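**Q** Have a look at the structure that comes next, please.
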Amino acid sequence: MNIYDVSRKAGVSIATVSRVLNGSPNVSERTRALVLEVMNELGYTPNVFARGLGLGSIQTIGIMCSDSSDPYLAHAIYYLEQGLRSHGYDSILCCTGSSLETKQKYFDLLRSKKVDAIILAGSKFIEPKPKENDYIMEAAKELPIMLVNGWLEGENIYSTLCDDRLATHNAASKLIVSGCRNILYLYTSRSYSGAGKLNGYQDALRGCGLPVREEYIYQCPKDILAARDLFMHLHSKGLPFDAVLASDDTLAVGAVKYAHATGRSIPDELSIIGYNNSSYAICTDPELTSIDSKIEALCTTTINTLMGVFNGSNVPSRTTIAADLIKRATTKF
């Protein structure tokens with residue numbers, strides 16, 4: 001018996017049940033009486049989820065990321081741990097890699113540690129096949145699941161997202177307005193975030209009356225030299241391109257290295273835009289125009305939402321944050 005059963009039988013949300021448990025005034029007396037009656041009828045005693053309400057809490061949150069060496073995820077971990085610490089919570093970090101089996105293993109490990117909630121940092125935890133996300137949906141019956149830049153619809157699952165699709169749409173549109181017509185798009189994965197970025201690029205082309213050409217879209221490892229070599233290969237094949245839009249700054253740095261190797265002038269002959277506004281963006285010569293995906297704001301909002309869940313407050317299941325385009329020397333718009 002768990003809070004999900006109470007929620008379902010009473011016909012109210014899990015958040016409403018938690019507010020009743022927490023004694024929140026933001027519940028009508030009629031609803032409060034209904035929930036308490038159902039709890040009594042089912043013999044429900046607050047346990048796992050109630051820990052997050054301060055009833056025997058171990059004050060510890062589980063954090064999962066796929067790769068802590070990735071600059072984006074490393075920053076996410078830092079901001080998440082910093083935010084949790086400011087609220088008196090410790091954290092347990094698990095780095096899972098990309099294997100679904102390993103993700104599930106570490107997820108179960110965190111649950112066995114009786115953490116108060118689990119934060120999934122990055123969009124690679126949401127699988128394209130719905131059944132492969134069942135383990136997350138099942139866990140959400142007992143404790144809050146927080147997604148940083150990932151989206152999964154379900155009770156007691158809360159997502160904080162950057163609008164990646166709009167960000168790449170705006171960036172590609174600016175390249176087109178500045179005169180670019182043959183824009184290469186490089187991406188690292190087809191995760192939820194990766195798919196949104198690719199769709200934004202395609203939306204911009206169609207919106208400006210340009211064709212979406214598969215020979216201008218490439219997946220590439222998140223590696224500077226691998227990206228450089230891909231550009232060199234495309235150059236040797238004679239593929240004409242006057243701009244690069246990349247889903248990560250590492251790929252965009254590869255484009256800068258390619259331009260230096262071939263003597264192409266940036267931005268007069270080749271415009272380049274990266275993504276994440278990482279330290280890579282200011283280490284290149286010229287410095288890189290990049291999309292700031294607001295990782296600090298994403299993590300801070302995630303923590304604030306989680307604290308709201310613990311306090312029984314009304315919190316949105318999905319919060320979207322707009323990105324910024326940071327103009328530097330690799331674009332001419």
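The values are calculated or read from the model by the stated rules, or taken from the named source; none is laboratory data. Just so it is clear, the structure is predicted and the values come from calculations on it, not from any experiment. Glycine also receives a Cβ, built like all others from the backbone with ideal geometry; neighbour counts cover every protein chain displayed. Surface accessibility is based on the protein's heavy atoms, side chains included, excluding ligands, DNA and RNA. Shrake-Rupley method; radii C 1.70, N 1.55, O 1.52, S 1.80 Å.
**Q** Going by the alpha-carbon gyration tensor, a ≥ b ≥ c the square roots of its eigenvalues, is the range 294-333 rounded (a/c under 1.5) or, if a/c is not under 1.5, prolate (a/b greater than b/c) versus oblate?
**A** The shape class here is prolate.
**Q** Mind checking Rg over Rh on the range 129-208, alpha carbons, Kirkwood formula for Rh?
**A** Taking Rg over the Kirkwood Rh, I get 1.14.
**Q** Then there is this: Semi-axes, largest first, in whole Å: what does sqrt of 5 times each Cα gyration tensor eigenvalue give for the range 190-333?
**A** Working through the eigenvalues yields semi-axes of 33, 17, 13 Å.
**Q** Let me ask something additional. Taking the Cα centre of the chain as origin, sum charge times position over the Cβ atoms of Lys and Arg (+1) and Asp and Glu (-1), and report the length of that vector in debye to the nearest 20.
**A** 280
**Q** Moving on. Would you kindly calculate the mean projected area, averaged across all directions, of the convex hull enclosing the Cα atoms of the range 113-247, in square nanometres?
**A** It is 10.0 nm².
**Q** Would you mind listing how long the range 175-214 runs along its three principal axes, going by Cα atoms, in whole Å with the largest first?
**A** Largest to smallest, the principal-axis extents are 30, 18, 16 Å.
**Q** Another question, then. Carbon and sulfur: what percent of the range 218-333's accessible surface (1.4 Å probe)?
**A** That share works out to 50 percent.
**Q** Per the Kirkwood formula on distinct C-alpha pairs, the Rh of the range 1-158 is how many angstrom?
**A** This gives a value of 16.5 Å.
**Q** Largest first and to the nearest Å, give the Cα extent of the range 253-297 along each principal axis.
**A** 39, 16, 12
**Q** Report, in listed order, any pair from 197/257; 124/222; 124/327; 129/294 with a Cα-Cα distance greater than 18 Å.
**A** Listed pairs above 18 Å: 197/257; 124/327; 129/294.
**Q** Per residue, what volume in Å³ does the Cα convex hull of the range 248-333 take up?
**A** 85
**Q** Sorted by packing (mean other beta-carbon atoms within 10 Å per residue), highest first, where do 297-303, 33-39 land? Please list the in-between numbers first.
**A** Details: 297-303: 22.0, 33-39: 17.6.
Final packing ranking: 297-303, 33-39.
**Q** Take every Cα-Cα pair in the range 60-104 and report what % of them are more than 12 Å apart.
**A** So the pairs more than 12 Å apart make up 60 percent of the total in the range 60-104.
**Q** Stokes-Einstein D for the chain at 20 °C, 1.002 mPa s, Kirkwood Rh over Cα pairs, in µm²/s?
**A** Values: Rh = 21.4 Å.
After rounding, the answer is 100 µm²/s.
**Q** Suppose all protein chains stay in the model; what accessible area per residue would a 1.4 Å probe give for the range 189-333, in Å²?
**A** Numbers: 6060 Å² over 145 residues.
I get 42 Å² per residue for the range 189-333.
**Q** Helix-only estimate, please: 222 nm mean residue ellipticity of the chain, summing -39500 (n - 2.57) across DSSP H runs of length 4 or more and dividing by its residues, to the nearest 500.
**A** Rounded to the nearest 500, the figure is -13500 deg cm²/dmol.
**Q** When the scattering of the range 78-125 is computed by the Debye formula from its Cα atoms alone, each counted once and equally, what is log10 I(q)/I(0) at q = 0.27, 0.31 Å⁻¹?
**A** At q = 0.27, 0.31 Å⁻¹ the computed log10 ratios are -1.12, -1.25.
**Q** I'd like to know how the range 170-275 sits against the 2.2 N^0.38 Å rule of thumb: what's its Cα Rg over that expected value?
**A** 0.97
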